[in-house]
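Engineer: The structure is given below, and queries will be raised subsequently.
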Amino acid sequence: MIRSVLGLAGAALLAAGAAAPATADPDSPLPQITPQPQQVVQLGDDVPVPERVSVVADREVDRPTRDLLVAVLRGAGAEDVDVVDAGQQPDAPLVVRVGGIGTDDIARGLREAGVEVPPDLPAEGYALAAKDGAVVLGGVDPDGVYYSAQTLRQLVRAHGIAGAGIVDHPLMPLRGAIEGFYGSPWTHQERLDQLAFYGDVKMNTYIYAPKDDPYHREKWRDPYPADKLAELGELIAQGDAHHVRFTFALSPGLSICYTSEQDWQALVAKLQAMYDLGVRAFSLPLDDIDYTKWNCAEDEAKYGAPSQQSAGQAQVDLLNRVQREFIATHEGAQPLQTVPTEYSDTEDSPYKRTIREQLDPAVEVMWTGVGVVPPEITVPQAQEAAAVWGRKVFVWDNYPVNDFDATAGRLLLAPYAEREAGLHDQLSGIVLNPMNQASASKVAEFGAADFSWNDTGYDANRAWREAARYLAGGDAATAEALLAFFDLEHLSPTLEGEIWQPQAPELARRIEEFRAKWAEDQGAALQALRPYAELIAAAPQRIRDGVVDPGFVADAAPWLEATDLWGPALLASLDGLQSRVDGDEAAAEKAFAEAADLARRAGEIRTIPGETRPEGPVRVGDGVLDTFIAEAPDLR
């Protein structure tokens, strides 16, 4: 008998709230699971979790999954959790069986619980049954087994496991994030935290492509220094521990000479160093470069004058050589990924035609949608992209990235929305390009994880609420405060400044209702709006005290500081209006002056230097909150 102890990774999961009880209403039949499973049924009463639990694990169950199960069961109230190998006799009131879905014990346990598993369950699929004092988890592969444990985590409530039967699998093979923004890259600790978070929400892909890492782009030929190489090794190990594929991206397009054997050797040496470190997924982005000029005379001699067609030909030759001479010759290497220079439309061109006709079909081609920051991604658009590139495309979704002018001073905390159900039939996957603020990006990432796993069952507002509950560690008051704060950071612009998600829609709705009531019953109007104003005013401190992710509080610090002033300014405005209703104009003027001073001070708060690009005053509910406060003195 081998007793599994909770390792550092498991302890970190508990500390971050990942092993907290399910956040759904305890009176509901079943907790909400995120991502939304394909099939969920209630099998009966909750399975109690006693003080002693045995986990019977077969060889499909790796160490991270075993540690996660121990953390989950301890979080559910078990004090003594033994992990024993399959075939050994467990000795505990509750036995949790986990392993490959086709093994006899697992298949029989699922069948006896009434859970029917299709024979063609796809990769990363799993099934779970909690019924009549027994729990069975089975996965198609090690990823599926791990995901079954992540689902079990969300079924825990009140020292029990919800009686549920689940059969589930992802609809998109690639799900995750690409660190591809300009400006301050994430810190090493932020990346480690992101990789753990991706495991929680069943994302399987992280692409390392920070534009401001010189060894990724400008100095792509140079090997990483020893300290940076060590950090990359830690990230790869962290990804493995959370079933997230660390994808190394190298972006040589600014200076590469396509015909240079020396450059080829430098590129292969860089990729080999990463392979030796444990990387098995590679990307060669060729975005944000000028393909109307060559970097060496030899390229022009071979390919002719710069043009869309000649640029496409040079890139195809390079990508095909990497795929065939490096990827195909290295055991375990995944298909090469690339970002073409024309990445944001579906119009055909000589460049696209060359890639469509000649690029190795194994290579994944990334596409940002119709626009660099698209207000929507639809099934017809994705069908057009698949036709023009000659393959399913891999979406690089530039949301919630905030490294461009239209996002100055903003956190982008709106739901992951305006991506159409049915995209899984046209895409190989989706990765988000997040904000410079890593933990604040989890709000959108949470929704993208839900969407890319099961776009047909996706509800953007449900995922948004669940993101708040996740960050709140299940605390309802903190989640309520977060949603009010998210609403004040809801505005989502395109690169050109077009607004595709409006600012503060919930506050705007309440203010609109207030104005309608004000004309009929001023006292009732004030009474209706005040509780939400009090929520906004209280939200910053509730968030600081209650959010289980300290990174989110740090990321949002300037915006929380500004809301510390905007909330009281809103309340002062309501106080002024109440005084006016009461006939005390002097008190009203005093309150309006206080509100104006608070608003002025809030408007002077700026982002942390170097945190975003470009820097500027923080925006909180702008166009809604500030407008109401400015106009309140004129209401009669």
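Engineer: Just to be sure before I move on: is GLU512 free of Cβ contacts under 8 Å to residues at least 24 places away in the same chain, open to solvent by 10 Å² or more (accessible area, probe 1.4 Å) and part of a helix (DSSP H, G or I) in the structure I sent?
Structural biologist: yes
Engineer: Now for a different question. Sort through ASP549, ASP575 and tell me the only one that's within 30 Å of GLN194 (Cα to Cα) and crowded, with 20+ Cβ neighbours inside 10 Å.
Structural biologist: Values: ASP575 fails: within 30 Å of GLN194 (Cα to Cα).
Result of the check over ASP549, ASP575: ASP549.
Engineer: Among the residues of segment 591-629, which ones are surrounded by fewer than 15 Cβ atoms within 10 Å (Cβ to Cβ), modelled with pLDDT of 95 or more and either closer than 16 Å to ASP575 by Cβ or small (Gly, Ala, Ser) (or both)?
Structural biologist: Scanning segment 591-629 gives ALA593, ASP597, GLY623.
Engineer: Okay, next question. Among (1) of a type in the set (A, V, I, L, M); (2) more than 20 Å from the chain's Cα centre (by Cα); (3) open to solvent by 20 Å² or more (accessible area, probe 1.4 Å), which single condition is ALA460 missing?
Structural biologist: Single failed check for ALA460: (2).
Engineer: Just checking: which of the helices (runs of 4 or more DSSP H) contained wholly in segment 284-359 hold 2 or more residues that are closer than 24 Å to VAL395 by Cβ?
Structural biologist: Because the criterion is at least 2 residues that are closer than 24 Å to VAL395 by Cβ, the helices (runs of 4 or more DSSP H) in segment 284-359 that meet it are 308-321, 350-358.
Engineer: May I ask you to say which residue of VAL81, VAL95, VAL55, VAL41 is assigned to a strand (DSSP E or B), modelled with pLDDT of 95 or more and surrounded by fewer than 17 Cβ atoms within 10 Å (Cβ to Cβ)?
Structural biologist: Values: VAL81 fails: surrounded by fewer than 17 Cβ atoms within 10 Å (Cβ to Cβ); VAL95 fails: surrounded by fewer than 17 Cβ atoms within 10 Å (Cβ to Cβ); VAL55 fails: surrounded by fewer than 17 Cβ atoms within 10 Å (Cβ to Cβ).
Testing whether each residue is assigned to a strand (DSSP E or B), modelled with pLDDT of 95 or more and surrounded by fewer than 17 Cβ atoms within 10 Å (Cβ to Cβ) leaves just VAL41.
Engineer: Between residues in segment 33-48 that are more than 14 Å from GLN154 (Cβ to Cβ) and residues that are open to solvent by less than 40 Å² (accessible area, probe 1.4 Å) and acidic (Asp, Glu), which pairs lie under 7 Å by C-beta distance while being six or more apart or on different chains?
Structural biologist: Sorted first by the residue in segment 33-48, then by its partner, the pairs are GLN38/ASP168; GLN39/ASP168.
Engineer: Somewhere in segment 109-116, is a residue outside any strand (DSSP E or B) and in contact with a His (Cβ under 8 Å, 6 or more places away or on another chain)? Full working, then the answer.
Structural biologist: Going residue by residue through segment 109-116, those that are outside any strand (DSSP E or B) are 109-116.
From what's left, in contact with a His (Cβ under 8 Å, 6 or more places away or on another chain): none.
Within segment 109-116, none of the residues are outside any strand (DSSP E or B) and in contact with a His (Cβ under 8 Å, 6 or more places away or on another chain).
Engineer: Still on this structure, I have one more. Among the candidates ALA504, ALA537, ALA528, ALA533, single out the residue that is surrounded by fewer than 19 Cβ atoms within 10 Å (Cβ to Cβ) and either over 27 Å from the mean Cα position of the chain (by Cα) or among the aliphatic types (A, V, I, L, M) (or both).
Structural biologist: Going through ALA504, ALA537, ALA528, ALA533 in turn, just one is surrounded by fewer than 19 Cβ atoms within 10 Å (Cβ to Cβ) and either over 27 Å from the mean Cα position of the chain (by Cα) or among the aliphatic types (A, V, I, L, M) (or both): ALA528.
Yes or no, residue by residue, for (1) out of contact with any His (no Cβ under 6 Å at 6 or more places or on another chain); (2) of a type outside the set (S, T, N, Q); (3) farther than 20 Å from PRO617 by Cα:
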site: TRP500; (1), (2), (3): yes, yes, yes
site: PRO558; (1), (2), (3): yes, yes, no
site: THR563; (1), (2), (3): yes, no, no
site: ALA593; (1), (2), (3): yes, yes, yes
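Engineer: Taking into account only those residues within segment 158-200 that are in a helix (DSSP H, G or I) and among the aliphatic types (A, V, I, L, M), which is surrounded by the fewest Cβ atoms within 10 Å (Cβ to Cβ)?
Structural biologist: Taking the candidates together, the pick is ALA196.
The values are calculated or read from the model by the stated rules, or taken from the named source; none is laboratory data. These numbers come from a predicted model, not from an experiment. Don't worry about glycine lacking a Cβ; one is built from the backbone with ideal geometry, like all the others, and counts go over all protein chains shown. Heads up: the accessible areas ignore ligands, DNA and RNA and are worked out on the full protein's heavy atoms, side chains in. Shrake-Rupley method; radii C 1.70, N 1.55, O 1.52, S 1.80 Å.
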